[in-house]
Amino acid sequence: ALHSSLAGLGPLYNILSKRRGRVETDTMVDGTDLLLIEALLPQAEAFGLTQELLLKSSGEVTAPEMVFSHYEVLDEDPFWIPSSLEEREDYGEIIASGDASTGVVKHKALAYLRKTRRRKGLIVDEDKLVKDGEKQRTMARKK
């Protein structure tokens, strides 16, 4: 639930649509010029929402009151890899847009998976442990 003045509606709707949120209801609060807006937002997109709302709306939107509502399954497979010629034309080659184990980079489910693994300190498959191992050398001087 959010409270917003009429001047803050534009930035609010822009931020919610960018973060895959959807507005359920918006009603006027009696005796004020504020709107009470109830929206659904994926939990993974909620990080940093308050700061962005206050920054983009210049304080016209209040800090959100977040309450967990429900789980919803994404209809994307994070490990999908383009295989047919038509899919490769649409989404690009695996080498150019992802790696062999995880498919396409511009994929919302895969982005959530990588972001969660990185936040928990787990190894993310796009990060290499050793880059150009044969070129690495010690910079210490031996006397």
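Run the paramagnetic zone check for GLU65: 7 angstrom along Cα to Cβ, then residues of the range 16-32 with backbone nitrogen under 14 Å. Once the point is set 7 Å along Cα→Cβ of GLU65, 27, 29-30 turn out to lie under 14 Å by backbone N, inside the range 16-32.
Amide hydrogen proximity for LEU34: with H placed 1.01 Å from N in the peptide plane, the residues at 5 or more positions away or on another chain lying under 5 Å are VAL29. Taking Cβ atoms as reference points and 10 Å as the exclusive limit, the residues near ALA7 contribute a net charge of -2, counting Lys and Arg as +1 and Asp and Glu as -1.
Peptide packing for 27-35, 50-58 was compared via the average number of neighbouring C-beta atoms within 10 Å per residue; ordered from the highest value, the list is 50-58, 27-35. The peptide list 2-12, 69-79, 111-121, put in order of mean Cβ contacts within 10 Å with the highest first, becomes 2-12, 111-121, 69-79. In this calculation the C-beta distance from ILE81 to LYS115 is compared with R0 = 25 Å, giving a FRET efficiency of 0.80. For the range 76-89, putting each phi into the Karplus relation 6.51 cos²θ - 1.76 cosθ + 1.60 with θ = phi - 60° gives couplings of 10, 9, x, 10, 6, 10, x, 10, 7, 5, 5, 5, 5, 5 Hz, in residue order, rounded to whole numbers and with x for Gly and Pro.
Readers should treat all values here as calculations from the given coordinates under stated rules, not as data from a laboratory. Everything quoted here is computed from the prediction, not taken from an experiment. Positions of Cβ are backbone-derived with ideal geometry, glycine not excepted, and every protein chain shown enters the neighbour counts.
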